[in-house]
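Beneath this line is the structure, given in structure tokens, with notes to follow.
Please treat every number below as a calculation from the coordinates, not as lab data. Predicted model only: the values in this text are computed from it and were never measured. As a convention, Cβ positions derive from the backbone with ideal geometry for all residues, glycine included, and neighbour counts pool all protein chains shown.
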Amino acid sequence: MTDPSRNKIEFKVRGRYALFTDPLTRVGGEKCSYHVPTYEALKGIAKSIYWKPTFIWFIDAVRIIRPIRTQTKGAKPLFLHKAGNDLAIYTFLADVEYQVRAHFEWNPHRPELADDRNPAKHNDIARRMLDRGGRQDIFLGTRDCQGYVEPCAFGSGPGHYDGAGELAFGLMFHGFDYPDETGEDKLHARFWKPAMKDGVIRFDRPEACPARKFVRQMSSKTFVRSESLRSVEDEIAALEASDGLD
């Protein structure tokens, strides 16, 4: 296990809209966002900043900076099984900003990547990618909601819910248990009951979530060094080469 105090990043993510939903219930046309981001959505943002199958991102906490506001918009989702589209109502979160603290730990189910476990170099790449706004596009729950990330000190600056006390949100979707991270050829969805204290939600670890639901059978992807995966040393070399061209 890696040391969370050494292998962490803290970042701010913001956007005009966000849509955090329970993927098990959003099969219909209507979508309504949770009032706060899910663990899975924030983990997806961390992976968009920088990720390799060598490690797993864990989200420690999120701080809600701006007031929770919703906005309803009409949308026309495309049908995949027939021609045309339909009118649906989406309820988004509007004008969002969050501070996030995350850290990575080595994936115990990837022993073939043990020689890629260099915490200093992975942390260096993650911080460089964060300075650049992420390696991939950032989305706030869905591709319809573009997000923007930058480094920050978690807890810095004023937040709308500072000193507001505790607010509970009931049962919420936490995230997925993927085969790549559990070693089982099954996909499960996790649920928990979050509480926000003075604007901060501290997430339970995935294994501590009290409720799970089987979704479907699924197999983990195979990665081969030098074929479908670059070593962390090659990643660093590529970054330094690109820095020299700037």
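Taken over the Cα atoms of the chain, the convex hull encloses 159 Å³ per residue. Exposure proxy for Ile89, Ile64: other Cβ atoms within 10 Å of each Cβ, ordered fewest to most, give Ile89, Ile64. Between segment 134-188 and segment 204-234, the C-alpha centres lie 17 angstrom from each other. Each of Tyr161, Tyr98 has some number of other Cβ atoms within 10 Å of its Cβ, and from fewest to most they run Tyr161, Tyr98. Helix 39-49 and the longest principal axis of the Cα set of the chain meet at an angle near 40°.
Comparing Glu184, Glu105, Glu207 in a Gaussian network model of the chain where C-alpha atoms under 10 Å apart are linked, the largest mean-square fluctuation is found at Glu207. For the chain, the longest principal axis of the Cα atoms and the long axis of helix 232-245 meet at an angle of about 80 degrees. By definition, a body whose alpha carbon gyration tensor gives a ≥ b ≥ c is oblate when a/c is 1.5 or more and a/b is not larger than b/c, and segment 134-193 fits this oblate description. Projecting the Cα atoms of Pro53, Gly155, Ile236 onto the charge dipole of segment 8-245, computed from C-beta unit charges around the Cα centre, puts Gly155 farthest toward the positive end.
Taking the chain as a Gaussian network of alpha-carbon nodes connected by springs under 10 Å, the highest mean-square fluctuation of the residues Gly133, Gly199, Gly170 belongs to Gly170. Rounded to the nearest 20 debye, the dipole magnitude of the chain is 820 debye, with +1 charges on Lys and Arg beta carbons, -1 on Asp and Glu beta carbons, and the Cα centre as origin.
Over 31 Å apart at the Cα level, from the set Lys76/Lys221; Lys121/Lys193; Lys31/Lys121; Lys47/Lys213; Lys47/Lys186; Lys73/Lys193, are Lys76/Lys221; Lys121/Lys193; Lys31/Lys121. In segment 8-245, Cα pairs under 8 Å separated by at least six residues give a relative contact order of 25 percent. Angle of helix 119-131 to the longest C-alpha principal axis of the chain, folded into 0 to 90 degrees and rounded to 10: 50°.
The Cα atoms of segment 170-246 give a gyration tensor whose axes a ≥ b ≥ c have a/c of 1.5 or more with a/b no greater than b/c, which makes the shape oblate. When the helices of the chain are scored as -39500 (n - 2.57) per DSSP H run of n ≥ 4 and the total is divided over every residue, the value at 222 nm lands at -5000 deg cm²/dmol. Take the alpha carbon gyration tensor of segment 89-162, find the square roots of its eigenvalues, order them as a ≥ b ≥ c, and report rounded if a/c is under 1.5; if not, report prolate when a/b exceeds b/c, else oblate. It is prolate, given that a/c is not under 1.5 and a/b is the larger ratio.
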